[in-house]
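The next block holds one structure in the form of structure tokens; read it before the comments.
No value in this document is a laboratory result; all are computed from the given coordinates. Note that this is a predicted model, so its numbers are computed, not measured. Glycine also receives a Cβ, built like all others from the backbone with ideal geometry; neighbour counts cover every protein chain displayed.
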There are 2 protein chains.
Amino acid sequence: MFWNEEIETMPRQDLEELQLKKLQSTVKRAFEKIPYYNKRYSEAEVYPEDIETLKDIEKLPFITKDDLRESYPFGLFAVDIKEIKELHSSSGTTGKPVVSGYTEKDLDTWAETIARGLTMMGIGEDDILQNTHGYGMFTGGFGVHYGSHKVGAAIIPISTGQTRRQIEIMKDFGATGLIFTPSYGIHLAEVALEDGIDPKELGIKAIGFGAEGWTEEIRQRVEELFGTKAYNIYGLTELMGPGVGIECEAQKGLHIAEDIYYPEIIDPNTQQVLGENTPGELVLTNLEREGMPVIRFRTKDLTKITYEKCECGRTHARMSRITGRSDDMIKVKGVAIFPSQIEKALLKVGDAEPHYMIIVTRPGTLDEIEVKVEVSQDIFFDGVKEMMAVQNKIGKSIENETGIRVKVTLVEPKTLPRFEGKAKRVIDERNLH
Amino acid sequence: MFWNEEIETMPRQDLEELQLKKLQSTVKRAFEKIPYYNKRYSEAEVYPEDIETLKDIEKLPFITKDDLRESYPFGLFAVDIKEIKELHSSSGTTGKPVVSGYTEKDLDTWAETIARGLTMMGIGEDDILQNTHGYGMFTGGFGVHYGSHKVGAAIIPISTGQTRRQIEIMKDFGATGLIFTPSYGIHLAEVALEDGIDPKELGIKAIGFGAEGWTEEIRQRVEELFGTKAYNIYGLTELMGPGVGIECEAQKGLHIAEDIYYPEIIDPNTQQVLGENTPGELVLTNLEREGMPVIRFRTKDLTKITYEKCECGRTHARMSRITGRSDDMIKVKGVAIFPSQIEKALLKVGDAEPHYMIIVTRPGTLDEIEVKVEVSQDIFFDGVKEMMAVQNKIGKSIENETGIRVKVTLVEPKTLPRFEGKAKRVIDERNLH
């Protein structure tokens, strides 16, 4: 099932011709309408007419979150505010937030990307889609909302929180699709089970995952709990919102809507563009955005891309799920480690619940990592000897995965925080000393 | 300025013909498609063909919130769930919530009512509208959102809370329109003033008020604080959401979108339909709703209606602002009193801030009302004698307004709760004893 078969299965050569045309007109508009690009490109002595092939995009300087912040609020808009119909922004916990502006056409383009993804998940006009993503300045809720309207599903815009009410509505309204962050999804399932409701019995056909990092093991856990497939949805406010990449039924990578976003993978240190199947930092370019075209945005998200045709028939490139961030990796004793590695190690052990916190401290001159892990009720009551064994197993598994030794602390079930939005699993206390 | 001049200024005779046609087809569809209506109307021996004039609506039984609850979740839908594109519900603090379902056309009709209102307020495609109403199952946020899209303003869907961020965004994005509940608006202004920002300097052109009761004095206060006009927006989830009635620039009542909602005023005790300009309970009928037509819904909101042509040129009936609810009035010593009366009395005195709580207790066999009121800093430091004088003044003013004596307690500024949603000013402790 395709939402837009012609585009989604377009032969790559045609697709690349389409991308080139869109890239050329995007660069031209940006250069002519947005002083920021005009200045940056003039300084780099690169001009719209220099974009003769897709490869020529590499001549253009990157844009970063800091550039977006400096353009706050509307410095990157290519149109008059009169043409802007909606404004979003990132949370802006440090410094000014990043603003994202949408024309009427942009809102439709955004909905198009999600509509393709919902169709991949098998969600259409017969379905009832419960959207637990937050609405507001955050783009997670609205992206799904507009996409749901486009495919004609009935959206339940319930937003995050009120978990028991969520479960009641899911059951009473007969939701067939769910959208949540993996950590909130597990929380939902746990609360349902506590109340004697088996999430598998709810008749959920498909789950859309988004807005935070996760591992295959977490996906398996969610799929087991709800008895259905969970699909990855990727996106970011700077580029438009969720919908940049979404998994098809093959679950072998996220199809990037390549007629709408142009992806590159770079080495975060050398900034060189890397080839297919080589892990690096994702760089994205809006190919189809009127309000605020963002060109070569360094996402800081680490992934890799394949251009091989997918078994689903789609020709659009696939990115792997995000394995970490080039800026939130924890560097300890010279080794770069990512929360996702810890998570993977934990889940391999099996006795641990996928609830954990990573605490980084520097008691003297050396960094130390403590990983607090919830263990199942059984283990916790098995006695000290058994707990020590589990602790050792987890420690070894983490050492295997990351190459470093960490302190493992087992805690009682349900004592670590549950996250209703993006999970914040790393507490870095090194700056506090 | 009109959004839909032909409809909004339609001669009353034409309007009533249009209403009759729509009423007839609504009743027919409800009777044919919805077992609830079929049963109720059959029991009352009233049939679609009995609706020959608008007046004939009085033959139809009322529908109440309890009926809606009993039809939970989709018992009142006239279409297949496949046709439903969005679901909302009331908060459901007592019993099952009330569900509201929308087809694609219904969402457009809803947007149309708000678009008319935003145009009355002078908000159009040049404007930036900051919407502090909550999104989610609550209809406040989405109604305004869809209306804003329709008139082409740039919506900031910031939702409630994070007050300092609200103010920063208001200033930085250059919001020209604001949507808030009166109590949250006053809170916003207070926080801005604390931070040395004069809300009058923010360049706000118009304010839309909704989702809770208020008085003319509260409106004046908000208009003074923001240096602009504040317009009343009325609606309820059961009927669709906000947009049933909205004030025009004359601010002499809320124009009911009469081609979309048919209003009646009844005596809440005898249930008789009352004439023009006579206060009573508002009863509303959806004239233009596919998904879930609600016919003769008892809103419990108290108001009155005039059919006199407005100075703005609109012919649609005007309702007065809601003065109370037929079910949340406090009955004390046999006298029915409403929070709005207390509020009015307080604001007449002048020394009191519009922050108050009403506590109803029954220490022995008789009810007692205590009104806690914040007074300004000055009064509070003037000494006991001065405070006693203010207390007496407030007590007399309340007695004038309601006819009963209450206990008045003055409290320090900013000690009573601020409400970010609907203000809850009455604490009725009589059931606890």
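Hey, got a sec? Which GluC sites (Glu not before Pro) in region A:285-314 land in a DSSP loop and have at most 11 other Cβ atoms within 10 Å? Kindly include the intermediate steps, with their values, before the conclusion.
On the way: sites: A:288, A:290, A:308, A:311; in loops: A:288, A:290, A:308, A:311.
Passing sites in region A:285-314 are A:311.
Roughly what would the spin-label model give for residue B:217 and residue B:377, points 7 Å off Cα along C-beta, in nm?
Reported label-point gap for residue B:217 and residue B:377 is 2.3 nm.
Under a 5 Å amide H to amide H cut-off, with H placed in plane at 1.01 Å, what residues pair with residue A:428 once short-range neighbours are removed?
A:360
Residue A:271 to residue B:428: FRET efficiency via 1/(1 + (r/R0)^6), r the Cβ-Cβ distance, R0 56 Å, to the nearest 0.05?
Details: r = 66 Å, r/R0 = 1.18.
With R0 = 56 Å, the Cβ-Cβ based efficiency is 0.25.
Taking H as built 1.01 Å from N, whose amide H comes closer than 5 Å to the amide H of residue B:337, not counting residues under 5 places away?
B:330, B:331, B:332
What residue among B:388, B:64, B:187 has its Cα farthest toward the positive end of the dipole of chain B, where the charges are +1 on Lys, Arg and -1 on Asp, Glu, each on the Cβ?
B:388
Which chymotrypsin sites (Phe, Trp or Tyr not before Pro) in region A:358-430 sit in a loop by DSSP (not H, G, I, E or B) and have at most 13 other Cβ atoms within 10 Å of their own Cβ? Before the final figure, lay out the partial values.
Details: sites: A:380, A:381, A:419; in loops: A:381, A:419.
Sparse-neighbourhood loop chymotrypsin sites (Phe, Trp or Tyr not before Pro): A:381.
So, in nm, how far is label residue A:125 from label residue A:409 when the simple model puts each one 7 Å beyond its Cα toward the Cβ?
Simple spin-label model gives 5.6 nm for this pair.
Tell me, what ³J(HN,Hα) does each residue in region B:375-385 have, in order and in whole Hz, if you take phi through Karplus 6.51 cos²θ - 1.76 cosθ + 1.60 with θ = phi - 60° and put x for Gly and Pro?
Rounded to whole hertz, the list is 10, 5, 3, 3, 4, 4, 9, 7, x, 4, 4.
Post the alpha-carbon centroid distance, region B:171-198 to region B:338-382, in whole angstrom.
Cα centres, region B:171-198 to region B:338-382: 25 Å.
What average number of partner chain Cβ atoms lie no more than 10 Å from the Cβ of the residues making up A:77-86? Let's see the in-between values first.
Numbers: counts 0, 0, 0, 1, 8, 8, 3, 6, 9, 8.
That average works out to 4.
Given only helices, namely DSSP H runs of n ≥ 4 each adding -39500 (n - 2.57), what is the per-residue ellipticity at 222 nm of chain A, to the nearest 500 deg cm²/dmol?
Values: 12 runs with 140 residues, N = 433.
After summing the helix terms and dividing by the residues of chain A, the value is -10000 deg cm²/dmol.
Report the residue, chosen from A:11, A:242, A:293, that carries the largest GNM mean-square fluctuation when chain A is represented by alpha-carbon nodes joined by springs under 10 Å.
In this elastic network of chain A, the residue with the biggest mean-square fluctuation among A:11, A:242, A:293 is A:11.
How many percent of DSSP beta bridges within the protein assembly as shown run antiparallel, rounded to 5?
Details: 77 of 125 bridges.
Counting DSSP beta bridges with both partners in the protein assembly as shown, the antiparallel share is about 60 percent.
Could you tell me the distance between the Cα centroids of region A:23-46 and region B:51-125, to the nearest Å?
Using only Cα atoms to place each centre, the spacing works out to 49 Å.
Answer rounded, prolate or oblate for region A:90-202, using the Cα gyration tensor with square roots of eigenvalues a ≥ b ≥ c: rounded when a/c is under 1.5, else prolate when a/b is larger than b/c, else oblate.
Details: a/c = 2.69, a/b = 1.35, b/c = 1.99.
It is oblate, given that a/c is not under 1.5 and a/b is not larger than b/c.
Across peptide A:156-164, what mean number of C-beta atoms from other chains lies inside 10 Å of a residue's C-beta?
On the way: counts 7, 9, 5, 7, 1, 1, 3, 0, 0.
Across A:156-164, the average partner-chain Cβ count within 10 Å equals 4.
Roughly what would the spin-label model give for residue B:193 and residue A:348, points 7 Å off Cα along C-beta, in nm?
Between residue B:193 and residue A:348, the label points sit 6.2 nm apart.
Between B:409, B:303, B:132, find the one with the highest GNM mean-square fluctuation for chain B; connect C-alpha pairs within less than 10 Å.
In the Gaussian network model the winner is B:409.
Determine the shape class of the protein assembly as shown: with a ≥ b ≥ c the square roots of the Cα gyration tensor eigenvalues, call it rounded for a/c under 1.5, and otherwise prolate if a/b is greater than b/c, oblate otherwise.
Since a/c reaches 1.5 and a/b is larger than b/c, the shape of the protein assembly as shown is classed as prolate.
Let me spell out the model: positive unit charges on the Cβ of Lys and Arg, negative unit charges on the Cβ of Asp and Glu, origin at the Cα centre of the protein assembly as shown. What dipole size does that give, in debye rounded to 20? Before the final figure, lay out each step's value.
Values: 108 positive and 142 negative charges, 342 e Å.
That gives the protein assembly as shown a dipole magnitude of about 1640 debye.
With the cut-off at 28 Å, tell me which of the pairs B:21/B:59; A:22/B:82; B:55/B:300; B:200/B:304; B:55/B:309 have Cα atoms farther apart than that. Don't jump to the answer; show the numbers that get you there.
Working: B:21/B:59 17 Å; A:22/B:82 36 Å; B:55/B:300 21 Å; B:200/B:304 33 Å; B:55/B:309 21 Å.
Cα-Cα > 28 Å for A:22/B:82; B:200/B:304; rest within.
If we count every other residue with Cβ under 9 angstrom of residue A:361's Cβ, Lys/Arg +1 and Asp/Glu -1, where does the sum land? Before the final figure, lay out each step's value.
Working: positive: A:362, A:430; negative: A:367, A:368, A:370, A:428, A:429.
Once positives and negatives cancel, what remains is -3.
Run the numbers on chain A and let me know its relative contact order in percent, using alpha-carbon pairs under 8 Å that are six or more apart. Before the final figure, lay out each step's value.
Values: 889 pairs, mean separation 58.6, N = 433.
Contact order relative to length: 14 percent.
Please give the FRET efficiency for residue B:43 paired with residue B:104, using the beta carbon to beta carbon distance and R0 = 30 Å, rounded to the nearest 0.05.
Values: r = 33 Å, r/R0 = 1.12.
It comes to 0.35.
Between region B:394-413 and region B:260-304, what's the alpha-carbon centroid distance in Å?
Using only Cα atoms to place each centre, the spacing works out to 33 Å.
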